[in-house]
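Notes to accompany the following structure.
The values are calculated or read from the model by the stated rules, or taken from the named source; none is laboratory data. All of these numbers come straight from a predicted model, not from anything done at the bench. Heads up, the Cβs are rebuilt from the backbone with ideal geometry, glycines too, and the neighbour counts pull from every protein chain shown. Remember, those area values only see protein heavy atoms, side chains included, never the ligands or the DNA or RNA. Shrake-Rupley method; radii C 1.70, N 1.55, O 1.52, S 1.80 Å.
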Amino acid sequence: MQFNCLMIKLTPTLPTIHLQDNCVFFITALINSAICYSLFGITGAMFGVLTVFFTNIVYHAKEESNNIFYIGFLLSLILVGGGIGFLLKLSVPFYLFLFIFSYFYYVSFNKDVFVDRIVPFFVIFACMGTTLPSVSPDLPLAYLTGISISLLMLSILKHKKYDSSAFKNGLFSKNLYLSDQRLALRAFIYSLFLFLSLAIPDYFDLYRVYWAPLTFVVLLRPLEVSVIKTTLSRFLGCVFGALLIFALFHLLLLKIAALDIALIAIVIFVMPTFLQLNYLLKTFAITVFVLLLIEEAEFWRDPTYLLPYSRVYETLIGGSMAILGSLVLKSIRQDELSTPRVSD
């Protein structure tokens with residue numbers, strides 16, 4: 001009996017793997033990337049696959065029902081974040097924008113699951129926008145095309161109940177913008193560390209500076225308590241993913257077209273499965289997924305080591321900011337709990 005109990009404790013609980021989810025994701029990515037490639041070239045193909053990834057995460061926020069028009073509207077707003085970052089760059093107005101949006105993040109958290117999943121993408125695109133010297137019309141067009149095709153394909157291949165109240169109970173609900181908690185200080189601290197996670201690598205002119213705030217936003221959410229553990233898992237996942245890309249480049253496998261395409265196809269197919277696994281394996285898969293796509297789109301047939309390197313040290317910077325921010329926010333929450341509120 002004791003031996004059986006020990007075996008039960010040592011045996012990890014594996015998620016239920018649905019082959020249908022893998023096939024749906026793969027077919028959607030294949031069709032989407034082919035259409036976007038025909039319209040916008042290799043960059044369009046990359047956006048075709050990335051938008052499937054984004055759409056898949058938001059689409060499956062609720063298992064039984066959704067509203068593809070509401071999801072499409074939220075995903076389109078991500079471009080607004082990119083435009084704001086592009087116009088404001090790293091400036092005082094951009095920091096004020098981060099503070100206002102951070103306050104909204106704290107107020108709206110856990111009230112609409114779709115908004116919760118969109119907010120990190122919005123902030124990430126805003127941070128990416130600050131790094132762009134110029135923007136081609138093909139970029140937003142490829143993004144919107146990819147989102148539209150992804151939603152259409154998912155609605156055809158997956159059948160869910162249509163939620164007619166999504167707009168009313170979601171982003172346009174008054175409840176989303178109201179809170180009885182004292183959140184201004186928390187939002188200020190959150191936005192400050194978020195800004196630092198972008199400003200520090202930018203100050204040192206590091207490569208791909210937006211991956212640090214990406215890490216920060218993913219790790220540190222309102223009420224997050226296990227930041228150190230998740231940061232370590234994410235860092236190790238990034239390191240292992242980068243090492244795999246290093247190995248593939250060193251072995252010149254990515255310069256053989258057939259093997260290159262086959263590897264990308266395999267990674268795309270298994271992504272839904274890896275997203276159900278623990279944080280380390282999930283980050284490993286996402287790292288390989290993103291690095292392969294960006295290498296193919298930006299350095300076609302001429303891969304570089306800069307991307308894997310930057311993925312590692314940017315994750316370290318963003319994770320460090322997330323840990324420091326979480327410690328400060330935890331102290332603030334403890335002070336708030338110990339201080340009785342004075343009624344009007």
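Here are a few things to note about the model shown:
- Sorted on the mean count of surrounding Cβ atoms within 10 Å across their residues, most packed first, peptides 157-170, 69-82, 48-61 read 48-61, 69-82, 157-170.
- For Gly170, the shell of other residues with beta-carbons less than 13 Å away shows a net charge of +2, using +1 for Lys and Arg and -1 for Asp and Glu.
- Euclidean distance between Cα centres, region 172-193 to region 134-164, Å: 30 Å
- Summing Cβ point charges (Lys, Arg +1; Asp, Glu -1) relative to the Cα centre of region 167-274 gives a dipole of roughly 360 debye.
- Hull volume in cubic angstrom per residue (convex hull over the Cα atoms of region 56-131): 73 Å³
- About the Cα centre, charge dipole magnitude for the chain (Lys/Arg +1, Asp/Glu -1 at Cβ), debye: 640 debye
- Residue-normalised accessible area of the chain, given per residue in Å² at a 1.4 Å probe: 51 Å²
- Among Val92, Leu39, Val58 - extreme Cα towards positive end, dipole of the chain, charges at beta-carbon: Val58
- Residue-span extension gain [Gln276 to Leu96] - 0.36 nm each, minus C-alpha spacing: 61.2 nm
- Here, the chain is characterised by an Rg to Rh ratio of 0.97, where Rg is the alpha-carbon radius of gyration and Rh the Kirkwood radius.
- For the peptides 174-187, 126-139, 262-275, the ranking by packing is 262-275, 126-139, 174-187, with the highest mean count of neighbouring Cβ atoms within 10 Å listed first.
- For region 40-197, a simple Cβ point-charge model (Lys and Arg +1, Asp and Glu -1, everything else neutral) yields a dipole of about 220 debye relative to the Cα centre.
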